[in-house]
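**Student:** The structure is given below, and queries will be raised subsequently.
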Amino acid sequence: MNEPPPPIAGRREWIGLAVLLLPLLLVSMDVSVLYFAVPFISADLAPTATQQLWIFDIYGFVLAGLLITMGALGDRIGRRRLLLIGATAFALTSAAAAYAGSAEALIATRALLGIGGATLMPSTLALIRNMFHDAKQRATAIAVWTAALTFGVALGPILSGVLLEHFWWGSVFLINVPFMLLLVVLAPLLVPESRRVTGGRFDRLGAVLSLAAVLPVIWGVKEFAAEGDPLLAGAAILAGLAVGAVFLHRQRTSADPMIDLALFRGRAFSGAIAVNTLAMFALVGFAIFTTQLLQTVWGMSPLEAALWSLVPSLGVGAVAPVAAGLAQRGVPRNRLVAGGFLIALAGFAAMTAVQADSPLWTLMVCAALYACGLVVVMSLSTELILWAAPPERAGAASALSETASEFGGALGMAVLGSIGTAVFRAHLEVPSGLSGQAADIARETLAGAAAVAAATPGPLGEALLASARTSFVSGLHAAAIAAVVLLLIAAALALLTLPSREPAPTTDPGDGPVTPPGAAGRSVVVAQATREPFDIEREG
């Protein structure tokens, strides 16, 4: 007996998709929205170098650490319900971050924002999969979702520059509030609820273990870079790795794991996850250097710097289609990905020639090279991730890919930022005439040195500013060299692990057979990410 065709999404579903893009844009923007706010936050809250890195990183790390956990929670309590809870929390914590009175308070509210963001991202994708049952429509919706995610990261610095041109730094957080309130009003009207009402219990211990594995490792890396206690930093890293081993053991033995470790048995899947993570590591991790170079070293306003930062991305839009076309014409995919890494490597290598007095076009060329190369890698590796996993596990594969990308970007900011800070401190020459407190502030960050120089008139301030700028560029060079080494390893990894071409196409079962809703308004589908039945409740 032939199965009835899946229902076709109409106007309501497509409008609902537009509503679901609101939280996605804001969550992805919050990863990058602080790039141009650094000098303003430094002047107002006076964070140390380590605190400044935590202000950037804690959001991404908490977000990445909780994505899979919140996805599993949404399955149990309802994905739309979790979305609305997360939107409310995101609005409240955004308002708290906007009015944070200290670096510690801002770090804490950024962590809470990460929790809220983690409830929003997996919920949007899971709801989209429930709204679009037709395979072609679902593919289009997920493509729009992916484009919105990428656009949000790029839009963050621009919005930040516009707001900082006219308002105080807290406005980059306060802008979230009206959009989250709009989501809370519109989502119940346009987005159907979906939840898993059968299956295993929610793994609370696994959720705690996942966070407890990530945060100590990152804290240890920061302590090493900040010249903290090496024994304490090493102990934290070892403790995090030990907890990570316990987490993996629990996922391997649990009857209802949050992560299906069987996905990683395929070399193509594991390799695609790895190269995508390394690409995000380099792309996001180096962005903080280019924005500070434009703004603090070359003296641009936030808006001017934000607009110039868009220039390297003008050619990026054409790169992904060209790479896909070459793959369809038979060019081996592993070589295309490796080639993308080598193009990006050339851009980072050329970045070591950029100086404090270099013309602007040199930075634009270097940034365009590494951005285009890494976009090739990310577009092809994302496609590889989707078909390297069995169709019935596509949902789990998408969650793992999203988590790895977030983790890669946050880890890149932590590691490359720490390298740059360490080299900045080692090269900075503080004039002997400064007071001890002023000298300590100048040694912490480039923004701190610039603030001290501005408050110190005459040759003393000029000498400090010149030394700070050249020292920052030295730190940029060190981070670029680290990126070159990393991408060389990544290119070799791509050649060794990724397949040269796609296998024969297989039928995608989507969400499985769909029964038209009955009087109770329910339809039962088979989930891709697990072996257990899902009961999908469709409202309205």
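The values are calculated or read from the model by the stated rules, or taken from the named source; none is laboratory data. None of the values given here were measured: they were computed from a predicted structure. Cβ atoms come from the backbone with ideal geometry, glycine included; neighbour counts cover every protein chain shown.
**Student:** Could you check the stretch 337-361 and list, in sequence order, the residues that are part of a helix (DSSP H, G or I) and charged (D, E, K, R)? Before you say what the answer is, go through the steps one by one.
**Tutor:** Narrowing the stretch 337-361 to residues part of a helix (DSSP H, G or I): 337-351, 360-361.
None - no residue of the stretch 337-361 is part of a helix (DSSP H, G or I) and charged (D, E, K, R), so the list stays empty.
**Student:** Considering only the stretch 332-353, state which residues are modelled with pLDDT of 90 or more and more than 26 Å from the chain's Cα centre (by Cα).
**Tutor:** Ala353
**Student:** Let me ask something else about it. In the stretch 362-408, what residues are at pLDDT below 75, farther than 13 Å from Ala272 by Cα and either in a helix (DSSP H, G or I) or among the aromatic types (Phe, Trp, Tyr) (or both)?
**Tutor:** Pro391, Glu392, Arg393, Ala394, Gly395, Ala396, Ala399, Thr403, Glu406, Phe407
**Student:** Can you tell me which residue in the stretch 225-277 is nearest to Ala212 (Cα to Cα), limited to those that are in contact (Cβ under 8 Å) with a residue 12 or more places away in the chain and basic (Lys, Arg)?
**Tutor:** The selected residue is Arg250.
**Student:** Enumerate the pairs (first residue in the stretch 370-381 and outside the structural domain of Leu283 (by TED's automatic domain parsing); second residue anywhere and surrounded by 24 or more Cβ atoms within 10 Å (Cβ to Cβ)) with beta-carbon separation below 6 Å, excluding pairs fewer than 6 apart on the same chain, so at least 6 apart or on different chains.
**Tutor:** Final answer for the pair search is none.
**Student:** Quick one: how many residues across the stretch 95-110 are surrounded by fewer than 19 Cβ atoms within 10 Å (Cβ to Cβ) and assigned to a helix (DSSP H, G or I)?
**Tutor:** Applying the first criterion (surrounded by fewer than 19 Cβ atoms within 10 Å (Cβ to Cβ)) to the stretch 95-110 yields 95-96, 99, 101-102, 104-105, 108.
Those left that are additionally assigned to a helix (DSSP H, G or I): 95-96, 104-105, 108.
Residues flagged as surrounded by fewer than 19 Cβ atoms within 10 Å (Cβ to Cβ) and assigned to a helix (DSSP H, G or I) within the stretch 95-110 amount to 5.
**Student:** Let me ask something else about it. Does Pro39 qualify as being out of contact with any helix residue (DSSP H, G or I) (no Cβ under 7 Å at 6 or more places or on another chain) and at pLDDT below 80? Step through it out loud before you land on a result.
**Tutor:** Numbers: out of contact with any helix residue (DSSP H, G or I) (no Cβ under 7 Å at 6 or more places or on another chain): no; at pLDDT below 80: yes.
So Pro39 fails the test.
**Student:** Further question on the same structure: Report yes if Leu92 is over 21 Å from the mean Cα position of the chain (by Cα), free of Cβ contacts under 8 Å to residues at least 24 places away in the same chain and in a helix (DSSP H, G or I), otherwise no. Give the steps one after another, and end with the answer.
**Tutor:** Details: over 21 Å from the mean Cα position of the chain (by Cα): yes; free of Cβ contacts under 8 Å to residues at least 24 places away in the same chain: yes; in a helix (DSSP H, G or I): yes.
For Leu92, the condition - over 21 Å from the mean Cα position of the chain (by Cα), free of Cβ contacts under 8 Å to residues at least 24 places away in the same chain and in a helix (DSSP H, G or I) - is met.
**Student:** Could you list, in sequence order, all residues of the stretch 192-215 that are more than 23 Å from Leu261 (Cα to Cα) and at pLDDT 80 or above?
**Tutor:** Within the stretch 192-215, none qualify.
**Student:** Further, regarding this structure: Return yes when Ser435 is modelled with pLDDT of 80 or more and either surrounded by fewer than 22 Cβ atoms within 10 Å (Cβ to Cβ) or of a type outside the set (Val, Ile, Thr) (or both) and no when it is not. Can you show your working first?
**Tutor:** On the way: modelled with pLDDT of 80 or more: no; either surrounded by fewer than 22 Cβ atoms within 10 Å (Cβ to Cβ) or of a type outside the set (Val, Ile, Thr) (or both): yes.
Against the criterion (modelled with pLDDT of 80 or more and either surrounded by fewer than 22 Cβ atoms within 10 Å (Cβ to Cβ) or of a type outside the set (Val, Ile, Thr) (or both)), Ser435 does not qualify.
**Student:** Going by the structure shown, is Leu464 within 23 Å of Ala287 (Cβ to Cβ), assigned by TED's automatic domain parsing to the domain that holds Leu416, among the hydrophobic types (A, V, I, L, M, F, W, C) and buried (at least 17 other Cβ atoms within 10 Å of the Cβ)? Full working, then the answer.
**Tutor:** Numbers: within 23 Å of Ala287 (Cβ to Cβ): no; assigned by TED's automatic domain parsing to the domain that holds Leu416: yes; among the hydrophobic types (A, V, I, L, M, F, W, C): yes; buried (at least 17 other Cβ atoms within 10 Å of the Cβ): yes.
Against the criterion (within 23 Å of Ala287 (Cβ to Cβ), assigned by TED's automatic domain parsing to the domain that holds Leu416, among the hydrophobic types (A, V, I, L, M, F, W, C) and buried (at least 17 other Cβ atoms within 10 Å of the Cβ)), Leu464 does not qualify.
**Student:** Quick test of your reading of the structure: Gly71 fulfils all but one of (1) closer than 26 Å to Ala287 by Cβ; (2) at pLDDT below 75. Name the failing condition by number.
**Tutor:** Exception for Gly71: condition (1).
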